[in-house]
1. Quick check on the stretch 283-320: of everything there that is of a type in the set (Phe, Trp, Tyr) and within 21 Å of PHE80 (Cβ to Cβ), which residue is modelled with the highest pLDDT?
2. Exactly one of these conditions fails for ILE163: (1) within 21 Å of LYS206 (Cα to Cα); (2) among the aliphatic types (A, V, I, L, M); (3) buried (at least 22 other Cβ atoms within 10 Å of the Cβ). Give me its number.
3. Against the definition (among the aromatic types (Phe, Trp, Tyr) and either touching a Lys or Arg at 6+ places or on another chain (Cβ under 9 Å) or modelled with pLDDT under 95 (or both)), how does PHE214 come out, yes or no?
4. Report every pair of residues separated by at least 6 positions or lying on different chains whose Cβ atoms are under 6 Å apart, first residue within the stretch 97-125 and closer than 10 Å to ILE313 by Cβ, second assigned to a helix (DSSP H, G or I) and more than 16 Å from ligand 1 (Cβ to nearest atom).
5. Within the stretch 289-302, which residues are touching a residue at least 12 places away in the same chain (Cβ under 8 Å) and either in contact with a strand residue (DSSP E or B) (Cβ under 8 Å, 6 or more places away or on another chain) or assigned to a loop (DSSP other than H, G, I, E, B) (or both)?
6. Regarding HIS144, is this residue within 30 Å of GLY43 (Cα to Cα), within 16 Å of ligand 1 (Cβ to nearest atom), under 11 Å from the mean Cα position of the chain (by Cα) and not aliphatic (A, V, I, L, M)?
7. Among the residues of the stretch 292-319, what is the count of those that are over 19 Å from THR139 (Cα atoms) and surrounded by fewer than 24 Cβ atoms within 10 Å (Cβ to Cβ)?
8. Have a look at ALA170, ALA116, ALA97 and point out the one that is within 12 Å of ligand 1 (Cβ to nearest atom), part of a helix (DSSP H, G or I) and outside the structural domain of GLY220 (by TED's automatic domain parsing).
Amino acid sequence: MEKQVYILGIESSCDDTSASVTCNAKVLSNVVANQEIHAKYGGVVPELASRAHQQNIVPVVQQAIAQANISKEQLCAIAFTRGPGLMGSLLVGTSFAKSLALGLKVPLIDVNHMQAHILSHFIEEKTHKTPPFPFICLTISGGHTQIVKVTNHFKMEVLGETIDDAVGEAFDKSAKILGLPYPGGPLIDKYAQLGNPKAFAFTKPKVGDLDFSFSGLKTGILYFIQKQIKINPNFIKENLNDICASIQYTIVEILMDKLKNAVKQTGIKQIAIAGGVSANSEIRNRLHLAEKHFGWTTYIPKFEYTTDNAAMIAITGYLKFLTNNYSDVSITAKARLKVTENS
Ligand code: KG4
Ligand code: ZN
(Lines give C-alpha, C1' and ligand atoms only; values in the text may rest on other atoms or scores of the structure.)
(Ligands and ions follow the chains in the order given, each with its own letter.)
Protein backbone atom coordinates (compact mmCIF):
# COMPACT_ATOMS: atom_id res chain seq x y z
CA MET A 1 0.00 0.00 0.00
CA GLU A 2 1.17 3.53 -0.80
CA LYS A 3 2.56 5.40 2.21
CA GLN A 4 0.06 7.88 3.66
CA VAL A 5 1.71 11.29 3.98
CA TYR A 6 -0.36 13.71 6.08
CA ILE A 7 0.61 17.37 5.71
CA LEU A 8 -0.85 20.31 7.61
CA GLY A 9 -0.85 23.52 5.53
CA ILE A 10 -1.22 26.96 7.10
CA GLU A 11 -2.06 30.10 5.11
CA SER A 12 -2.09 33.60 6.66
CA SER A 13 -0.62 35.91 4.01
CA CYS A 14 -3.44 38.43 3.77
CA ASP A 15 -6.92 38.48 5.33
CA ASP A 16 -7.92 34.81 5.36
CA THR A 17 -6.77 32.43 8.07
CA SER A 18 -6.76 28.93 6.63
CA ALA A 19 -5.59 25.45 7.57
CA SER A 20 -5.80 22.25 5.59
CA VAL A 21 -4.80 18.62 5.95
CA THR A 22 -3.84 16.63 2.89
CA CYS A 23 -3.15 12.91 2.57
CA ASN A 24 -0.74 12.48 -0.34
CA ALA A 25 -2.30 14.62 -3.09
CA LYS A 26 -5.86 14.49 -1.69
CA VAL A 27 -7.44 17.18 0.45
CA LEU A 28 -9.00 15.90 3.69
CA SER A 29 -9.96 19.32 5.05
CA ASN A 30 -9.67 22.96 4.03
CA VAL A 31 -10.94 25.40 6.65
CA VAL A 32 -10.99 29.11 5.79
CA ALA A 33 -11.91 31.89 8.24
CA ASN A 34 -12.65 35.08 6.33
CA GLN A 35 -12.14 38.38 8.09
CA GLU A 36 -15.33 40.39 7.66
CA ILE A 37 -13.87 43.36 9.55
CA HIS A 38 -12.15 44.82 6.46
CA ALA A 39 -15.34 45.37 4.44
CA LYS A 40 -16.25 48.56 6.28
CA TYR A 41 -12.80 50.06 5.54
CA GLY A 42 -13.02 49.32 1.80
CA GLY A 43 -9.82 47.24 1.83
CA VAL A 44 -7.57 45.10 4.01
CA VAL A 45 -6.23 46.93 7.10
CA PRO A 46 -2.91 45.13 7.87
CA GLU A 47 -2.93 45.67 11.65
CA LEU A 48 -6.50 44.36 11.96
CA ALA A 49 -5.61 41.38 9.76
CA SER A 50 -2.73 40.30 12.04
CA ARG A 51 -4.91 40.61 15.13
CA ALA A 52 -7.65 38.49 13.56
CA HIS A 53 -5.11 35.84 12.48
CA GLN A 54 -3.95 35.60 16.12
CA GLN A 55 -7.51 34.92 17.21
CA ASN A 56 -8.36 32.52 14.40
CA ILE A 57 -5.27 30.40 13.99
CA VAL A 58 -5.74 27.95 16.88
CA PRO A 59 -9.43 27.15 16.24
CA VAL A 60 -8.89 26.98 12.47
CA VAL A 61 -6.00 24.50 12.79
CA GLN A 62 -7.92 22.44 15.35
CA GLN A 63 -10.92 22.30 13.02
CA ALA A 64 -8.79 21.28 10.04
CA ILE A 65 -7.26 18.38 11.97
CA ALA A 66 -10.65 17.32 13.38
CA GLN A 67 -12.34 17.43 9.96
CA ALA A 68 -9.53 15.34 8.48
CA ASN A 69 -10.33 12.76 11.13
CA ILE A 70 -6.71 12.27 12.15
CA SER A 71 -4.75 13.05 15.29
CA LYS A 72 -2.02 15.68 15.19
CA GLU A 73 0.55 12.96 15.95
CA GLN A 74 -0.14 11.50 12.49
CA LEU A 75 1.07 14.67 10.72
CA CYS A 76 4.28 14.12 8.73
CA ALA A 77 5.16 17.81 8.20
CA ILE A 78 3.90 21.36 8.72
CA ALA A 79 3.83 23.59 5.64
CA PHE A 80 3.25 27.34 5.92
CA THR A 81 3.12 30.42 3.71
CA ARG A 82 6.44 32.23 3.93
CA GLY A 83 5.45 35.03 1.54
CA PRO A 84 4.59 37.16 -0.32
CA GLY A 85 2.04 38.95 1.81
CA LEU A 86 1.52 41.32 4.71
CA MET A 87 4.37 40.94 7.20
CA GLY A 88 2.20 41.01 10.33
CA SER A 89 -0.13 38.39 8.85
CA LEU A 90 2.71 36.15 7.66
CA LEU A 91 4.38 36.27 11.09
CA VAL A 92 1.35 34.70 12.76
CA GLY A 93 1.34 31.64 10.45
CA THR A 94 5.13 31.36 10.37
CA SER A 95 5.58 31.44 14.15
CA PHE A 96 2.68 29.06 14.70
CA ALA A 97 4.00 26.58 12.12
CA LYS A 98 7.51 26.65 13.62
CA SER A 99 6.24 25.99 17.14
CA LEU A 100 3.96 23.17 16.04
CA ALA A 101 6.68 21.49 13.96
CA LEU A 102 9.10 21.72 16.89
CA GLY A 103 6.48 20.42 19.32
CA LEU A 104 5.52 17.47 17.12
CA LYS A 105 9.13 16.87 16.03
CA VAL A 106 8.19 16.84 12.33
CA PRO A 107 9.76 18.71 9.39
CA LEU A 108 8.84 22.33 8.69
CA ILE A 109 8.27 23.28 5.03
CA ASP A 110 8.10 26.87 3.79
CA VAL A 111 5.82 27.58 0.84
CA ASN A 112 5.86 30.39 -1.69
CA HIS A 113 2.22 31.60 -1.90
CA MET A 114 2.49 32.43 -5.62
CA GLN A 115 3.82 28.97 -6.45
CA ALA A 116 1.08 27.47 -4.28
CA HIS A 117 -1.69 29.19 -6.30
CA ILE A 118 -0.27 27.49 -9.40
CA LEU A 119 0.43 24.15 -7.70
CA SER A 120 -3.18 23.95 -6.48
CA HIS A 121 -3.65 22.26 -9.88
CA PHE A 122 -1.85 19.22 -8.48
CA ILE A 123 -4.54 18.54 -5.89
CA GLU A 124 -6.08 15.22 -6.83
CA GLU A 125 -9.79 15.62 -7.55
CA LYS A 126 -12.22 13.43 -9.43
CA THR A 127 -13.34 16.23 -11.72
CA HIS A 128 -9.99 17.94 -12.25
CA LYS A 129 -7.17 16.92 -14.54
CA THR A 130 -3.61 17.87 -13.70
CA PRO A 131 -1.73 19.95 -16.32
CA PRO A 132 1.25 18.28 -18.00
CA PHE A 133 4.59 20.19 -18.16
CA PRO A 134 5.30 22.63 -19.62
CA PHE A 135 2.16 24.71 -19.20
CA ILE A 136 1.27 28.38 -19.05
CA CYS A 137 -0.43 29.68 -15.92
CA LEU A 138 -2.28 32.97 -15.75
CA THR A 139 -2.17 33.92 -12.07
CA ILE A 140 -4.81 36.50 -11.36
CA SER A 141 -5.42 37.69 -7.80
CA GLY A 142 -5.91 40.74 -5.66
CA GLY A 143 -2.17 41.33 -5.49
CA HIS A 144 -0.78 39.76 -8.67
CA THR A 145 -1.30 39.40 -12.39
CA GLN A 146 1.27 37.23 -14.09
CA ILE A 147 1.74 34.91 -17.02
CA VAL A 148 4.05 32.14 -15.84
CA LYS A 149 5.67 29.35 -17.81
CA VAL A 150 5.77 26.28 -15.56
CA THR A 151 8.46 23.80 -16.60
CA ASN A 152 8.25 21.63 -13.51
CA HIS A 153 6.77 21.95 -10.01
CA PHE A 154 9.41 24.40 -8.85
CA LYS A 155 10.82 25.77 -12.10
CA MET A 156 8.80 28.76 -13.15
CA GLU A 157 9.49 31.72 -15.42
CA VAL A 158 7.52 34.98 -15.49
CA LEU A 159 6.70 35.80 -19.13
CA GLY A 160 4.72 38.94 -18.32
CA GLU A 161 3.14 40.79 -15.41
CA THR A 162 1.29 43.92 -14.46
CA ILE A 163 3.20 47.17 -14.41
CA ASP A 164 0.70 48.77 -12.01
CA ASP A 165 -2.55 47.42 -10.49
CA ALA A 166 -3.38 43.72 -10.23
CA VAL A 167 -6.48 42.50 -12.03
CA GLY A 168 -8.26 41.85 -8.70
CA GLU A 169 -7.62 45.50 -7.79
CA ALA A 170 -9.10 46.53 -11.14
CA PHE A 171 -12.27 44.64 -10.21
CA ASP A 172 -12.32 45.89 -6.61
CA LYS A 173 -11.55 49.55 -7.47
CA SER A 174 -14.16 49.58 -10.25
CA ALA A 175 -16.66 48.15 -7.77
CA LYS A 176 -15.77 50.90 -5.29
CA ILE A 177 -16.47 53.55 -7.94
CA LEU A 178 -19.91 51.96 -8.32
CA GLY A 179 -20.47 52.13 -4.55
CA LEU A 180 -20.20 48.36 -4.07
CA PRO A 181 -18.60 46.95 -0.89
CA TYR A 182 -15.12 45.35 -0.68
CA PRO A 183 -14.15 42.97 -2.19
CA GLY A 184 -16.21 43.97 -5.19
CA GLY A 185 -14.88 41.42 -7.71
CA PRO A 186 -17.48 38.73 -6.95
CA LEU A 187 -20.27 41.35 -7.02
CA ILE A 188 -19.26 42.68 -10.43
CA ASP A 189 -19.33 39.07 -11.61
CA LYS A 190 -22.80 38.57 -10.11
CA TYR A 191 -24.38 41.72 -11.65
CA ALA A 192 -22.56 41.18 -14.95
CA GLN A 193 -24.48 37.94 -15.51
CA LEU A 194 -27.65 40.00 -16.00
CA GLY A 195 -26.11 42.75 -18.13
CA ASN A 196 -25.04 43.47 -21.69
CA PRO A 197 -21.23 43.29 -22.03
CA LYS A 198 -21.28 45.54 -25.09
CA ALA A 199 -23.44 48.28 -23.50
CA PHE A 200 -20.47 50.56 -22.78
CA ALA A 201 -17.03 50.53 -24.37
CA PHE A 202 -13.91 51.08 -22.28
CA THR A 203 -10.48 51.58 -23.80
CA LYS A 204 -8.04 48.70 -23.44
CA PRO A 205 -4.51 49.70 -22.35
CA LYS A 206 -1.58 49.55 -24.74
CA VAL A 207 1.31 47.86 -22.96
CA GLY A 208 4.06 45.90 -24.55
CA ASP A 209 4.33 42.21 -25.15
CA LEU A 210 2.93 40.07 -22.33
CA ASP A 211 2.68 42.75 -19.64
CA PHE A 212 -0.54 44.17 -18.22
CA SER A 213 -1.70 47.58 -17.03
CA PHE A 214 -5.00 48.26 -15.28
CA SER A 215 -4.62 51.72 -13.73
CA GLY A 216 -5.65 53.54 -16.92
CA LEU A 217 -8.78 51.44 -17.23
CA LYS A 218 -9.76 52.29 -13.65
CA THR A 219 -9.35 56.03 -14.38
CA GLY A 220 -11.31 55.65 -17.62
CA ILE A 221 -14.17 54.02 -15.74
CA LEU A 222 -14.09 56.73 -13.05
CA TYR A 223 -14.29 59.58 -15.61
CA PHE A 224 -17.02 57.82 -17.56
CA ILE A 225 -19.16 57.32 -14.44
CA GLN A 226 -18.60 60.90 -13.21
CA LYS A 227 -19.65 62.25 -16.61
CA GLN A 228 -22.79 60.10 -16.77
CA ILE A 229 -23.81 60.97 -13.21
CA LYS A 230 -23.74 64.67 -14.13
CA ILE A 231 -26.29 63.92 -16.85
CA ASN A 232 -28.35 61.45 -14.81
CA PRO A 233 -27.74 61.14 -11.04
CA ASN A 234 -29.34 57.67 -11.09
CA PHE A 235 -27.06 56.39 -13.85
CA ILE A 236 -25.33 53.71 -11.75
CA LYS A 237 -28.55 52.39 -10.22
CA GLU A 238 -30.37 52.26 -13.55
CA ASN A 239 -27.48 50.62 -15.43
CA LEU A 240 -25.62 48.59 -12.81
CA ASN A 241 -25.86 45.24 -14.62
CA ASP A 242 -24.75 46.69 -17.97
CA ILE A 243 -21.87 48.66 -16.39
CA CYS A 244 -20.63 45.56 -14.54
CA ALA A 245 -20.94 43.38 -17.65
CA SER A 246 -19.02 45.94 -19.74
CA ILE A 247 -16.23 46.31 -17.15
CA GLN A 248 -15.91 42.54 -16.79
CA TYR A 249 -15.92 42.04 -20.55
CA THR A 250 -13.10 44.58 -21.00
CA ILE A 251 -10.96 43.07 -18.23
CA VAL A 252 -11.41 39.53 -19.55
CA GLU A 253 -10.64 40.70 -23.11
CA ILE A 254 -7.34 42.12 -21.84
CA LEU A 255 -6.49 38.81 -20.13
CA MET A 256 -7.45 36.72 -23.17
CA ASP A 257 -5.46 38.93 -25.58
CA LYS A 258 -2.31 38.41 -23.53
CA LEU A 259 -2.88 34.69 -23.17
CA LYS A 260 -3.23 34.40 -26.95
CA ASN A 261 0.10 36.23 -27.33
CA ALA A 262 1.73 33.89 -24.81
CA VAL A 263 0.53 30.85 -26.74
CA LYS A 264 1.81 32.39 -29.99
CA GLN A 265 5.23 33.10 -28.47
CA THR A 266 5.76 29.79 -26.65
CA GLY A 267 3.77 27.34 -28.75
CA ILE A 268 2.39 25.95 -25.46
CA LYS A 269 -1.35 25.32 -25.58
CA GLN A 270 -1.80 23.90 -22.08
CA ILE A 271 -3.33 26.83 -20.22
CA ALA A 272 -4.08 26.99 -16.50
CA ILE A 273 -5.48 29.80 -14.40
CA ALA A 274 -4.98 30.39 -10.69
CA GLY A 275 -5.68 32.96 -7.98
CA GLY A 276 -8.81 34.63 -6.64
CA VAL A 277 -9.94 36.16 -9.93
CA SER A 278 -9.98 32.72 -11.59
CA ALA A 279 -13.29 32.29 -9.76
CA ASN A 280 -14.69 34.76 -12.31
CA SER A 281 -17.40 33.20 -14.46
CA GLU A 282 -16.54 35.13 -17.65
CA ILE A 283 -12.87 34.10 -17.69
CA ARG A 284 -13.98 30.51 -17.08
CA ASN A 285 -16.46 30.70 -19.99
CA ARG A 286 -13.92 32.24 -22.31
CA LEU A 287 -11.35 29.55 -21.52
CA HIS A 288 -13.90 26.83 -22.24
CA LEU A 289 -14.57 28.49 -25.60
CA ALA A 290 -10.82 28.71 -26.30
CA GLU A 291 -10.65 24.92 -26.12
CA LYS A 292 -13.04 24.74 -29.03
CA HIS A 293 -11.80 27.73 -31.03
CA PHE A 294 -8.02 27.60 -30.55
CA GLY A 295 -7.39 23.97 -29.60
CA TRP A 296 -6.14 24.88 -26.13
CA THR A 297 -6.43 22.48 -23.22
CA THR A 298 -7.46 24.52 -20.22
CA TYR A 299 -7.14 23.80 -16.52
CA ILE A 300 -9.52 25.63 -14.23
CA PRO A 301 -9.20 25.08 -10.50
CA LYS A 302 -12.10 24.04 -8.33
CA PHE A 303 -13.77 27.12 -6.90
CA GLU A 304 -12.51 26.65 -3.31
CA TYR A 305 -8.89 26.44 -4.48
CA THR A 306 -8.99 29.75 -6.37
CA THR A 307 -9.10 32.30 -3.53
CA ASP A 308 -6.55 32.12 -0.71
CA ASN A 309 -6.71 28.71 0.96
CA ALA A 310 -4.41 26.36 2.86
CA ALA A 311 -5.06 23.30 0.67
CA MET A 312 -2.75 24.85 -1.94
CA ILE A 313 -0.12 25.35 0.78
CA ALA A 314 -0.45 21.74 1.95
CA ILE A 315 -0.20 20.29 -1.59
CA THR A 316 2.91 22.39 -2.25
CA GLY A 317 4.28 21.18 1.08
CA TYR A 318 3.59 17.61 -0.03
CA LEU A 319 5.45 18.11 -3.33
CA LYS A 320 8.45 19.50 -1.39
CA PHE A 321 8.18 16.69 1.19
CA LEU A 322 8.64 14.13 -1.60
CA THR A 323 12.15 15.47 -2.21
CA ASN A 324 12.94 16.08 1.48
CA ASN A 325 12.95 19.80 0.76
CA TYR A 326 12.53 21.00 4.36
CA SER A 327 13.17 24.37 6.01
CA ASP A 328 15.37 25.18 8.94
CA VAL A 329 13.63 26.60 12.01
CA SER A 330 15.63 29.82 11.51
CA ILE A 331 13.61 30.61 8.36
CA THR A 332 11.82 33.98 8.38
CA ALA A 333 8.69 35.30 6.69
CA LYS A 334 9.30 37.35 3.55
CA ALA A 335 6.78 40.01 2.53
CA ARG A 336 8.20 40.24 -0.99
CA LEU A 337 8.83 36.92 -2.64
CA LYS A 338 8.87 36.30 -6.39
CA VAL A 339 7.17 33.25 -7.90
CA THR A 340 10.59 32.20 -9.19
CA GLU A 341 12.19 32.21 -5.70
CA ASN A 342 12.76 28.85 -4.02
CA SER A 343 14.30 28.70 -0.57
O1 KG4 B 1 -6.14 35.14 -4.51
P2 KG4 B 1 -6.98 36.02 -3.68
O3 KG4 B 1 -7.99 35.37 -2.74
O4 KG4 B 1 -6.12 36.92 -2.77
C5 KG4 B 1 -4.89 37.41 -3.13
O6 KG4 B 1 -3.88 36.67 -2.95
O7 KG4 B 1 -4.88 38.53 -3.66
O8 KG4 B 1 -7.74 37.03 -4.65
C9 KG4 B 1 -8.67 37.98 -4.18
C10 KG4 B 1 -9.19 38.79 -5.37
C11 KG4 B 1 -10.04 39.99 -4.95
O12 KG4 B 1 -9.57 41.12 -5.66
C13 KG4 B 1 -11.45 39.60 -5.39
O14 KG4 B 1 -12.26 40.70 -5.74
C15 KG4 B 1 -11.15 38.76 -6.60
O16 KG4 B 1 -10.04 37.98 -6.22
N17 KG4 B 1 -12.28 37.89 -6.96
C18 KG4 B 1 -13.00 38.01 -8.10
C19 KG4 B 1 -14.00 37.00 -8.08
N20 KG4 B 1 -13.85 36.29 -6.92
C21 KG4 B 1 -12.79 36.85 -6.25
N22 KG4 B 1 -12.88 38.87 -9.13
C23 KG4 B 1 -13.74 38.74 -10.14
N24 KG4 B 1 -14.73 37.81 -10.19
C25 KG4 B 1 -14.89 36.93 -9.18
N26 KG4 B 1 -15.88 36.02 -9.24
ZN1 ZN C 1 -3.41 34.66 -3.10
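The values are calculated or read from the model by the stated rules, or taken from the named source; none is laboratory data. Just so it is clear, the structure is predicted and the values come from calculations on it, not from any experiment. FYI the Cβ positions are ideal-geometry reconstructions off the backbone, even for glycines, and counts take in every protein chain you see.
1. Only one residue fits best here, namely TYR318.
2. Single failed check for ILE163: (3).
3. yes
4. Correct list of pairs: ILE109/GLY317; ILE109/LYS320; VAL111/GLY317.
5. Matches in the stretch 289-302: ALA290, GLY295, TRP296, THR297, THR298, TYR299, ILE300, PRO301, LYS302.
6. Yes, satisfied.
7. Number of matching residues: 5.
8. Testing whether each residue is within 12 Å of ligand 1 (Cβ to nearest atom), part of a helix (DSSP H, G or I) and outside the structural domain of GLY220 (by TED's automatic domain parsing) leaves just ALA116.
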